[in-house]
Structure formats: structure tokens, C-alpha cells
Amino acid sequence: MKEITGAEIVIRSLQAEGVEYVFGYPGGAVLFIYDELFKQKKVRHILVRHEQGAAHAADGYARASGKPGVCLVTSGPGVTNAVTGIATAYMDSIPLVVISGQVPRRAIGEDAFQEVDAVGVTRSCTKYNVLIKRVEDIAPTIHRAFHIAASGRPGPVLVDIPKDITAELCEFAYPKSAPQLRSYNPTAEGHIGQIKKAMALIKKARRLMIYGGGGIISSNAAGEFTKFCEELGAPVTNTLMGLGGFPGGHSQFTGMPGMHGTYETNMAMQHCDLLLAVGARFDDRVIGNPEHFARESRHIVHIDIDPSSISKRVRVDVPIVGDVCAVLKKMRELLPKHPPDAKALKEWWKQIAEWQEKKCLRYKKRAGVIKPQQVIEALHKITGGDAFVTSDVGQHQMWAAQYYAFRKPRRWINSGGLGTMGFGLPAAMGAQFAHPDAAVACVTGEASILMCLQELSTCKQYRLPVKIVNLNNRYMGMVRQWQEFFHGNRHSESYMDALPDFVKLAESYGHSGMLVEDPADVEGALRDAFARKKELVFLDFVTDQNENVYPMIAAGKGLSEMVLAEEL
Amino acid sequence: MLMENEPGALSRVANLFSARGYNIESLTVAPTEDPTLSRMTVVTAGDDAVVEQIMKQVNKLIEVFKVSDITEARRLERELMLVKVRAEGGEARAEMERLARIFRGAVVDVSPDSYIVQVAGDRKKLDAFLRAAGGANILETVRTGVCAIARANGKGK
Ligand SMILES: Cc1cc2nc3c(=O)[nH]c(=O)nc-3n(C[C@H](O)[C@H](O)[C@H](O)COP(=O)(O)OP(=O)(O)OC[C@H]3O[C@@H](n4cnc5c(N)ncnc54)[C@H](O)[C@@H]3O)c2cc1C
Ligand SMILES: Cc1ncc(C[n+]2csc(CCOP(=O)(O)OP(=O)(O)O)c2C)c(N)n1
Ligand SMILES: [Mg+2]
């Protein structure tokens with residue numbers, strides 16, 4: 001067999017994995033790899049403007065497409081710049097394969113130029129990482145990397161490759177079947193005994209609440225989940241990561257749970273007698289203080305592919321380790337023998353309807369001032385609730401989650417676990433690459449957008465028609481809101497002074513910008529922007545500066561201790 | 001626990017303990033009869049919920065092949081200790097030799113005013129030796145940390 005260089009092996013391996021896009025940035029340690037990229041056409045390289053953008057773009061691509069995202073960065077600062085993006089993907093269980101260059105083997109440990117212990121630095125924010133030491137290990141390691149990243153509970157994998165190896169020669173043969181790893185073998189099928197126990201509880205339940213999370217999205221189980229929920233007839237909530245796992249406009253959908261969840265959902269989470277958790281991890285933003293949460297007695301069934309997610313914060317009665325889709329299929333088969341109690345369900349809905357009477361997402365419109373919620377509602381209307389919506393972190397993120405009413409999975413792309421400002425724009429690029437003809441919106445705030453702004457240049461280079469919806473409140477609104485509630489309204493460093501003129505800024509990158517100040521113009525501006533199918537449009541909405549996100553539960557409090565808008 | 005005998009596997013386990021705030025009282029690691037696997041014994045403390053999480057988290061590491069909690073199992077536990085003790089004058093030297101014998105240890109190095117005593121056993125035994133020798137007589141101690149193995153039919157007491 002012909003021998004080829006390590007660099008060519010890297011590229012041929014990516015081709016063998018069917019990789020469409022690699023998001024990256026060149027540098028000394030990866031020059032051989034870049035040279036090989038240049039010589040072929042199958043794998044397309046997308047040149048970002050900062051390695052954080054590369055990792056977020058690969059992440060956005062993965063979330064929108066369901067396939068692992070790939071990025072390529074150089075040693076030292078290249079890989080440290082990517083760390084925020086890797087950690088973001090790790091916290092949200094998103095499959096990424098990150099290839100980083102490393103200094104030549106003989107220089108490792110000598111404080112060589114641009115040397116960083118990439119494996120050490122990323123150890124606690126990757127699912128797996130490895131430094132390759134021999135050219136013949138490149139292909140099997142990349143093969144393993146893709147398998148580990150995408151299977152079980154997905155996550156980022158980093159493969160660190162010393163430069164000298166990429167110039168060495170070796171025969172290339174890419175493994176054909178999935179690697180057999182004795183130490184890694186995620187369980188997909190749920191234990192049938194456990195599933196039967198769960199079904200028995202469902203049959204007995206009088207107040208069932210279904211709590212679905214990001215696991216539904218990563219398992220591609222939205223269809224199965226929706227059917228099961230409809231068969232059960234019970235109220236359904238989706239976490240911030242699970243939105244779109246169940247249709248947002250559905251009559252059984254009670255809104256998001258948690259810190260900024262709806263009143264009815266949080267009350268139902270607290271007062272149900274059976275909680276069915278599906279690919280959700282009882283995050284502190286969702287259940288608040290576990291002690292308060294545990295005070296009410298109820299049974300909990302928890303389906304999760306990662307045993308360590310189960311009984312981590314809350315003890316559950318029936319753990320089911322397995323893939324959401326596989327387990328739900330089995331449960332649906334057994335459902336006819338375990339029909340839920342129809343009479344009790346009716347009573348339960350009566351109670352839910354009472355809670356819904358609070359209309360906790362109501363907000364007051366004001367003449368002359370754009371309400372951020374209204375921008376999101378208009379965005380839903382103009383895009384038919386069907387756009388890929390990415391977001392940054394802050395109030396705008398919560399409003400997008402609360403008011404867009406996502407109908408389909410993978411449409412809502414945000415950093416839930418790490419809460420990374422700067423995620424939105426590069427993630428939107430990734431989503432647009434995954435779906436070139438789809439409407440992609442990046443809902444952001446004037447503070448967040450400045451964190452990865454340089455990617456506007458990438459958007460220009462690749463003609464990405466992302467629509468940026470900037471909810472510009474001239475504050476780090478989420479920080480200001482906490483200061484208002486918990487720090488005597490002292491706005492310590494949360495005011496965004498000296499903001500750029502976003503319209504001119506967009507124009508300087510070769511895009512169009514629109515300034516929108518009048519509530520009457522909101523819909524028109526959005527319609528106009530989305531009609532420009534080939535252009536990036538930066539919509540700068542000047543919104544109510546003092547609007548807060550409601551309802552709100554203070555950190556550490558229990559789910560019944562919500563603060564509602566009208567109570568203030 | 002059994003894990004792949006690869007560079008980095010040890011640091012991954014150690015990192016997990018510190019990153020998640022679990023404490024390590026002792027940790028030993030060495031290759032097994034199968035040279036591709038290492039065995040690590042970790043002594044840690046925590047209530048049932050914490051230990052359950054530790055087991056799950058460790059199991060999640062890609063390189064970890066098998067984890068068992070042998071706290072409740074019938075097990076053999078051994079730790080090796082080398083202690084440099086003061087041994088000046090005939091009486092003190094004889095006393096130290098006797099003590100070593102009682103603990104089934106041995107004097108393995110001799111100098112004019114000190115001995116090095118080797119003792120093996122479970123942690124309690126080693127602690128007892130140190131107490132018996134008396135704090136003032138102890139110049140330096142080196143302990144390996146515990147290694148343990150479940151006995152046949154290891155379940156149940
Ligand atoms: C400013 C801010 C405010 C927030 N407020 C809220 C809030 O009010 N409400 C809210 O809900 N969140 C909120 N969050 C998000 C929160 O921090 C968490 O990210 C989120 O709640 C976690 O969602 P999840 O439980 O669905 O878990 P994810 O992080 O999506 O984890 C998925 C779970 O599913 C499992 N899984 C993955 N794949 C599979 C599979 N194939 N089969 C089975 N299981 C699988 C995983 O093991 C994991 O346990 C907020 C975040 C920010 C930044
Ligand atoms: C990288 C990073 N730094 C700091 C924070 C803390 N933080 C959370 S929200 C927020 C303010 C965001 O302001 P903006 O983007 O204007 O959004 P708004 O809340 O005003 O909608 C800050 C600073 C964060 N989440 N990420
Ligand atoms: Mg703001």
C-alpha cells in the first residue's frame with residue numbers, strides 16, 4: 001500500500017467520516033494539515049476570525065444538523081482560544097471533534113514556542129481527549145474520536161497532533177466498523193424490568209407531569225416523545241435545552257420550567273404525584289434548591305443515557321438508563337396495558353388551568369417603546385415559528401425561549417449549561433451551513449454580540465444570510481436585573497456605555513443594518529430583513545431599558561417561590 | 001478500579017476527584033497481570049449518595065474499565081510503611097526491635113542512632129504501630145497508600 005503523510009491521513013479520515021465542514025484557523029503546528037486541505041475538495045474549510053468562533057460554529061452546526069461538528073486549530077493560543085467553545089459544547093452534551101496542532105514530539109515539555117498542554121487544559125471540559133504519539137495512530141484515533149463524541153451522552157473530543165507526525169509517512173486504512181472499546185459501552189436499551197415499574201406508576205398516577213430535556217433532542221426522539229405525551233394526555237414541559245422536543249404551541253405544553261419558567265409548569269412540577277423526567281438532568285436552574293424540591297412527595301421516573309445524571313441532585317424512584325428514543329418506544333408498546341386514569345387526568349387539568357389563569361407571560365405594551373417580548377413574538381410570526389434561532393446569554397435569551405414557541409427540534413440553539421456570551425453569532429453561522437436555505441436568526445444583546453463580533457467578517461466571506469436580532473437595552477440586562485433584585489439596585493458596571501453604532505458597524509463589514517426604535521416598525525423591519533434572502537441584516541432594536549424577565553425564582557429558592565410580573 | 005494502562009489515565013481520575021470536590025485519602029496504582037490494564041485503589045470518604053456519584057463519574061471516564069466499591073465487601077487491605085525511628089542506646093534499640101516483631105515488621109536499615117522499620121498491614125495496624133513507637137521517636141514515615149482486593153465471594157460480610 002502507498003504511504004501518505006500524517007497530514008493527509010487526517011484529511012482522508014475526515015473524508016471517511018463524511019465531514020462536510022471544518023471550522024478552523026491556521027497556524028504553524030497545523031500547516032501540513034492545511035496544505036492537505038488545500039489539495040482536496042471534499043471537506044470544506046471555513047475560515048473563522050477567532051478560534052472561539054470555530055468551536056461555537058462547529059457546535060451550532062452539530063446542534064442544527066445532528067452530526068458532529070469539527071474544528072481545527074493550531075497549538076498554544078489556537079487551542080486556548082477554543083477552550084470556551086469546547087466547554088460550552090461539553091456542558092450541553094454536543095458532539096464535537098476538535099483537532100489541535102501540537103509542537104513536535106521532541107519539543108514537548110520544553111516550553112517550546114506555542115506549546116500548551118492541550119490535553120491537560122481541556123481535560124475537564126472534554127468527554128475524551130488524547131495526544132497522538134505515532135503516525136499510525138492517527139486514523140484509528142480520529143475514528144474513535146468520532147465514535148465517542150457522537151455516541152451515548154454526546155460531547156466534545158479533542159485530538160492533539162504533534163506537527164512532526166503530520167509530516168511522517170504511513171499507510172492509510174480507515175477502520176470500517178464502529179470501534180470496540182472494552183472500557184466504553186453506553187447502554188441504549190432500557191432495562192425492561194425498570195420500564196415495567198415505570199409503566200405501573202404511570203397507570204396509578206393521578207397527577208402526571210412530563211419533564212423533557214435536551215436528551216430528547218440529542219436522541220432525535222421528538223416524534224416519539226410527542227406521540228407518547230399525546231397518548232398520556234398529561235401536561236408537558238421542556239427545559240431550556242429541550243425546547244422544540246414537544247411543539248411549543250401544543251395544548252398540552254405548559255411552557256418552560258425553572259428559574260424563568262412559567263407559573264403553571266413550576267407548580268405542576270412541584271405538585272404532581274408522578275414526574276416523568278426524559279433526558280433532563282434536574283439542573284439547579286430548573287428545580288432550584290433540591291431540598292425545597294424534595295419536600296413535596298412524589299414519585300420520579302428518570303430516563304437518561306448517562307447513569308451519573310440519575311440521582312445526582314434529586315433521588316429518583318425508577319431510574320431507566322438508556323436512549324430516550326429506544327426507551328419511549330418500549331414504553332409506548334406497553335402503554336395499552338397501563339392506561340392512565342382518565343378521570344384523574346381531567347381533575348389535574350382543571351388544576352393546571354387554574355394556575356394558567358395567572359397568565360404569567362403577559363406583559364404590558366407601551367406606546368413609543370419597543371418591548372423585547374414583542375420583537376420575539378413578531379419574529380415567530382414572520383418566520384412561521386420555523387426559523388433556526390440561536391441566542392447569546394442574558395435576558396434576550398430567556399425572552400426568545402419564552403416567546404418564540406419552538407415547534408420543532410434543533411431549531412433552538414443556545415448555551416444553556418455554560419451560559420456563554422458570544423455563542424450566538426458563530427453558532428448561527430454553523431446552523432446556516434447546516435441548512436443553507438433556512439431562515440437563521442441570532443437573537444442577541446448589545447453586550448453579548450460584541451464578544452464574537454469579528455465573525456461578521458466570516459459571514460461576509462461565505463455570504464451567510466443570518467439575521468441578527470439585537471435586543472439593545474443598553475444594559476447587561478440580566479446582570480442589571482439581578483442587581484435590582486438582590487443588590488439594592490446598584491448597577492455596578494452593568495451599563496453598556498460607549499456602544500458602537502451597530503448599523504454603521506454592520507455596514508463596515510459589508511452587511512446591511514437597520515435601526516428600529518418604534519414598536520410600530522418591528523414587524524415591518526423583520527419582514528423586510530427576512531425577505532433579503534441572500535443578505536445578512538443586523539437589526540438593532542432599541543428596547544425598553546428596564547424590562548425584566550418574569551416569572552423569576554431566586555437562586556436557591558424553591559419552585560413555588562416565584563416572583564411574577566404583576567406582583568412588583 | 002481497572003483501567004487502561006495508558007499515559008494520562010491516572011491524571012484523569014485524579015483530575016475528576018479534584019474537579020468534582022471528592023477527597024482522596026490515598027491512591028495507589030500499578031499494572032496488573034494483564035499489562036494493558038492498571039489497577040487503582042482509591043480510599044475516599046462520603047455518604048452513600050456521594051459514593052454513588054463517584055462510582056458513576058469514574059465509570060464514565062472512557063479509560064476506566066471497571067469500578068467496584070469494596071467498602072462493604074469482605075476484603076484484604078494492605079499498606080506498606082517505612083518508618084525511620086530514633087534508636088539510640090541498647091535499650092531503645094532492643095525496644096524498637098521488639099515492637100517491630102510484634103507488628104510483624106522488620107528492621108531493614110541500621111544506622112548508629114536510627115533504624116528504618118518496615119511494617120505492612122491495614123491502615124489501623126500501621127497507625128497502631130506509630131502510636132506504639134511514640135511520636136517523639138518517629139523521624140520520618142513513608143506510606144504507600146492502601147491497596148485492597150475483595151476475597152472470593154466478596155459480597156456480604
Ligand atoms: C441565563 C440562564 C437562565 C437559565 N434559566 C433556565 C430556566 O429558567 N429553565 C431551564 O429549564 N433552564 C434554564 N437555563 C439552562 C440550564 O442552565 C440548563 O442548561 C438546562 O436546564 C439543562 O437542560 P436539561 O436538563 O434538558 O439537560 P441537558 O444539559 O440538555 O442534558 C441532557 C440530559 O439528557 C441526557 N441525554 C443525552 N442524550 C441522551 C439520549 N440519547 N438518551 C437519553 N438521555 C440522553 C444527558 O445525559 C443529560 O443528562 C438557563 C441558562 C441560562 C444561561
Ligand atoms: C462570557 C460571559 N461573561 C459574563 C457572563 C455573565 N452575564 C450573563 S448575562 C450578562 C449580560 C448580557 O448582556 P446583553 O448581551 O446585553 O443581554 P441582555 O441581558 O441585556 O439581554 C452577563 C454579563 C456570561 N454569561 N458570559
Ligand atoms: Mg443588553
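The values are calculated or read from the model by the stated rules, or taken from the named source; none is laboratory data. All values reported here derive from a predicted model rather than from experimental measurement. Cβ coordinates were reconstructed from backbone atoms using ideal geometry, including for glycine residues, and neighbour counts include every protein chain displayed. We work out accessible area using only protein heavy atoms, side chains counted, and drop any ligands, DNA or RNA first. Shrake-Rupley method; radii C 1.70, N 1.55, O 1.52, S 1.80 Å.
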**Study point:** In Hz, Karplus ³J(HN,Hα) per residue of region A:493-508 (6.51, -1.76, 1.60; θ = phi - 60°; x = Gly, Pro)
**Key:** 6, 10, 8, 8, 8, 6, 6, x, 7, 5, 5, 5, 4, 4, 5, 5
Revision key, fill the gap. Residues whose modelled amide H sits under 5 Å from the amide H of residue A:71, counting only those 5 or more places away in sequence or on another chain, are A:23, A:97, A:98, A:99
Exercise for review: With r as the distance between the Cβ atoms of residue B:108 and residue A:334 and R0 = 51 Å, compute the FRET efficiency 1/(1 + (r/R0)^6) and round to 0.05.
Suggested key: 0.15
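Relative contact order for chain A: what percent, with Cα pairs under 8 Å and sequence separation of 6 or more? Intermediate results must be reported in sequence, preceding the final value.
On the way: 1315 pairs, mean separation 82.1, N = 568.
Relative contact order of chain A: 14 percent.
Among the GluC sites (Glu not before Pro) within region B:1-65, which fall in a DSSP loop and have no more than 10 other Cβ atoms within 10 Å of their own Cβ? Before the final figure, lay out the partial values.
Values: sites: B:4, B:25, B:33, B:52, B:63; in loops: B:25, B:33, B:63.
Sparse-neighbourhood loop GluC sites (Glu not before Pro): B:33.
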Practice item. Can you tell me the dipole magnitude for region B:2-66 around its Cα centre, using point charges on the Cβ only (Lys, Arg +1; Asp, Glu -1), in Debye to the nearest 20? Key: 180 debye
**Study point:** Dipole in debye (nearest 20) - region B:75-149, about Cα centre, beta carbon charges: Lys, Arg +1; Asp, Glu -1
**Key:** 360 debye
Review point. Applying the Karplus parametrisation 6.51 cos²θ - 1.76 cosθ + 1.60 with θ = phi - 60° to the phi angles of region A:166-177, what ³J(HN,Hα) value in whole Hz is obtained for each residue in order, glycine and proline being reported as x?
Key: 6, 9, 6, 9, 6, 6, 10, 9, 8, x, 8, 9
Check your understanding: Which value results when the Cα radius of gyration for the protein assembly as shown is divided by 2.2 N^0.38 Å?
Key -> 1.09
Exercise for review: For region A:110-177, state which chymotrypsin sites (Phe, Trp or Tyr not before Pro) are in a DSSP loop and have at most 13 other beta carbons lying within 10 Å of their beta carbon.
Suggested key: A:113
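Okay, helix-only estimate at 222 nm for chain A: each DSSP H run of n ≥ 4 adds -39500 (n - 2.57), divide by all residues, round to 500 deg cm²/dmol; what do you get? Walk me through the numbers before you get to the answer.
Details: 22 runs with 211 residues, N = 568.
Taking each H run of at least 4 residues, the total per residue is -10500 deg cm²/dmol.
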Check your understanding: Among the residues of region A:85-124, which ones have their accessible area go down by 50 Å² or more when all the protein chains sit together, as opposed to their chain alone (1.4 Å probe)?
Key -> A:123
Exercise for review: Pick out which of B:100, B:19, B:45 has the largest mean-square fluctuation in a Gaussian network model of chain B, springs linking Cα atoms closer than 10 Å.
Suggested key: B:19
Study note, to complete from the structure: Env charge @ residue A:228, Cβ radius under 13 Å, K,R +1 / D,E -1, value 0
Point to revise | Given charges at Cβ of Lys, Arg, Asp, Glu: the protein assembly as shown dipole, positive-most of A:388, A:194, B:120 | key: A:194
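Only four residue types carry charge here, +1 at the Cβ of Lys and Arg and -1 at the Cβ of Asp and Glu. Report the dipole size of chain A about the Cα centre in Debye, rounded to the nearest 20. Walk me through the numbers before you get to the answer.
Values: 65 positive and 61 negative charges, 359 e Å.
About 1720 debye.
Where does the charge balance sit around residue A:537 when Lys and Arg score +1, Asp and Glu -1, over other residues with C-beta under 9 Å from its C-beta?
After counting each charged neighbour, the total is 0.
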Study note, to complete from the structure: Two pseudo-spin positions, 7 Å from Cα along C-beta at residue B:131 and at residue B:14, lie apart in nanometres by 3.1 nm
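Count neighbours as other Cβ atoms within 10 Å of each site's Cβ, and list the trypsin sites (Lys or Arg not before Pro) in region A:480-568 that are DSSP loop with at most 12 such neighbours. Walk me through the numbers before you get to the answer.
Working: sites: A:480, A:490, A:504, A:527, A:532, A:533, A:534, A:557; in loops: A:490, A:532, A:533, A:534, A:557.
Sparse-neighbourhood loop trypsin sites (Lys or Arg not before Pro): A:490, A:532, A:533, A:534.
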Point to revise | region A:306-404: relative contact order in percent, alpha carbon pairs under 8 Å with at least 6 residues between | key: 19 percent
Check your understanding: Name the residues of region A:181-215 whose accessible area, probed at 1.4 Å, falls by at least 20 Å² once all protein chains are in place instead of their chain on its own?
Key -> A:182, A:183, A:184
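What does the buried accessible surface come to for A and B, summed over both chains, with the probe at 1.4 Å? Round to 100 Å². Walk me through the numbers before you get to the answer.
On the way: alone 22790 and 9820 Å², together 30980 Å².
Result for this pair: about 1600 Å² buried.
What average number of partner chain Cβ atoms lie no more than 10 Å from the Cβ of the residues making up A:303-310?
Per residue, the number of nearby Cβ atoms from other chains is 3 on average.
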Point to revise | Efficiency of FRET between residue A:200 and residue A:117 - r from beta-carbon atoms, R0 45 angstrom, step 0.05 | key: 0.30
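Can you give me the % of accessible surface on chain A that is carbon or sulfur? Probe 1.4 Å, all protein chains present, nothing else counted.
Values: 11300 of 21970 Å².
Carbon with sulfur: 51 percent of the solvent-accessible area.
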Point to revise | For region B:2-66, accessible area per residue (1.4 Å probe, heavy atoms of protein chains only), Å² | key: 49 Å²
Check your understanding: Excluding residue A:65 itself, what net charge comes from residues whose Cβ is under 10 Å from its Cβ, given Lys and Arg +1 and Asp and Glu -1?
Key -> +2
Point to revise | Label-to-label distance, nm, for residues given as residue A:341 and residue B:36 (7 Å Cα→Cβ offset) | key: 5.5 nm
Exercise for review: Report relative contact order for chain B in percent, whole number only (criteria: Cα-Cα under 8 Å, sequence separation at least 6).
Suggested key: 27 percent
**Study point:** For region B:126-131, Karplus couplings with θ = phi - 60° (6.51, -1.76, 1.60), whole Hz, Gly/Pro x
**Key:** 5, 4, 5, 4, 4, 5
Exercise for review: List every residue whose amide H lies under 5 Å from the amide H of residue A:128, counting only residues 5 or more places away in sequence or on a different chain, with H placed 1.01 Å from N in the peptide plane.
Suggested key: A:158
Check your understanding: For residue A:346, which lysines qualify as cross-link partners when the Cα separation must be under 18 Å and same-chain residues fewer than eight apart are set aside?
Key -> A:203, A:204
Review point. Put A:206, A:63, A:105, A:315 in order of accessible area, largest first, 1.4 Å probe: what do you get?
Key: A:315, A:206, A:105, A:63
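Efficiency by 1/(1 + (r/R0)^6): what FRET value for residue A:474 and residue B:49, r their Cβ-Cβ distance, R0 = 35 Å, to the nearest 0.05?
On the way: r = 46 Å, r/R0 = 1.30.
Working from the Cβ atoms, E equals 0.15.
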Review point. Looking only at other chains, what is the average number of their beta-carbon atoms within 10 angstrom of each beta-carbon in B:57-64?
Key: 5
Review point. Considering the dipole of chain A built from charges on the beta carbon (Lys and Arg +1, Asp and Glu -1) around the Cα centre, which of A:126, A:255, A:400 is farthest to its positive end?
Key: A:255
**Study point:** Label point distance in nm, residue A:15-residue A:531, each placed 7 Å from Cα along Cα→Cβ
**Key:** 4.5 nm
